[in-house]
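For reference, the structure discussed in these notes is given below.
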Amino acid sequence: MRILVTNDDGYDAKGLLTLVGILRKYGDVTVVAPKRPQSGMSMAVTMGFKPIAVKHLATKEGEDWWYLDGTPASCIKFGIDNVLAPARPDLVVSGINHGSNAATAAIYSGTIGAAMEGAVNGIPALGVSLDTFSPDADFSGVEALLPRILDKLLPQMAHRYGRFYNINFPNRPAERIHGIRATRMGYAHWEHEYQDYGRFLEARGHTPSEEDCRYVAHLQPDEDLYVMAGDFTDNGGNPADADHLLLAQGYVTVTAQNIDNTDIAELDRLCAII
């Protein structure tokens, strides 16, 4: 099996390294990952005739590593068209994301956007996330249970065009995970999303990163700084099997999703009145 792997946290993220370690036993792994973090990019692509830096990092038996200075979806495109061609991947896997992609977070996610890019190309695809933003996260629960999920999914992933799987792990060791559940996408949103940058740093005791300092140095005199750091809030009225609710209870969630956004019920209503 040829497996094309990416993420949205960058090619040196711990989650990506862990995922590759899990996938090695399933086939030949090709990694094309972003040069720098690309969270929140959804299915955005790097375009506009902009030069894109690419680097071939390393090759060993059954494993090939590249980075591309672009979005996760662009990494999948490059992997399909420029690295693996004329062969095609049998599976696209994106992750392991540092942070949950349950509920409507999936709409924004670069991790899930890369899985969607696989689905657009007719390739079975899945995205994997862990519910913590820590760069030093404990992925032992994913290492213990993701193979169990793959062993069940892969033999029956006769691909229906457009389908992909969104898998979210709670941030807890395997012995404290309550089980694996098939779920539906929940409804939630962010509140208080944009906050004053200085007050944000002060409240959390953070110091600006080097990249932030470079950005601040080029501010215009009349510009203000804000940072996106909202509170993820349940909409209320979610069914009991909503992915973000079960994730919070300590379950691994597996949600079948599709790139087809057609509202079938509304389509039937429109057909009746148009």
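Computed from the coordinates by the stated procedures, all read-outs in this text should not be read as laboratory data. As the structure is a computational prediction, the values presented were derived from the model and not from experiment. Methodologically, a virtual Cβ is constructed for each residue, glycine included, from the backbone with ideal geometry; neighbour enumeration extends over all protein chains shown.
In terms of its Cα atoms, the chain spans 57, 52, 50 Å along the principal axes, sorted from long to short. Between Ala53 and Asp263, the C-beta separation translates, for a Förster distance of 45 Å, into a calculated FRET efficiency of about 0.65.
Assuming charge only on the beta carbon of Lys and Arg (+1) and of Asp and Glu (-1), the dipole of the chain about its Cα centre is about 1040 debye to the nearest 20. Of all lysines in the structure, those lying under 17 Å Cα to Cα from Lys50, and not within fewer than 8 positions of it along the same chain, are Lys35, Lys77.
Most simply put, the chain has about 40% antiparallel DSSP beta bridges, counting only bridges with both residues inside it.
Centre-to-centre, using Cα atoms only, region 50-85 and region 132-151 are separated by 24 Å. Exposed loop sites are taken as GluC sites (Glu not before Pro) in a DSSP loop (any state but H, G, I, E or B) with at most 15 other beta carbon atoms within 10 Å; the longest stretch of the chain without one runs 62-192.
Within straight-line reach of Lys60, meaning a Cα separation under 20 Å, sit the following aspartates and glutamates at least 8 residues removed in sequence or on another chain: Asp12, Asp28, Asp90.
A viscosity of 1.306 mPa s and a temperature of 10 °C, combined with the Kirkwood radius over Cα pairs in Stokes-Einstein, give a translational diffusion coefficient for region 1-55 of 127 µm²/s.
The distance linking region 182-218 with region 86-117 is 22 Å (Cα centroid to Cα centroid, whole angstrom). For the chain, excluding the exposed loop sites themselves (chymotrypsin sites (Phe, Trp or Tyr not before Pro), DSSP loop, at most 12 other Cβ atoms within 10 Å), the longest remaining stretch covers 162-274.
Compute the length gained on full extension between Arg163 and Ser134: take 0.36 nm times their separation in residues and subtract their Cα-Cα distance, giving the result in nm to one decimal.
7.5 nm
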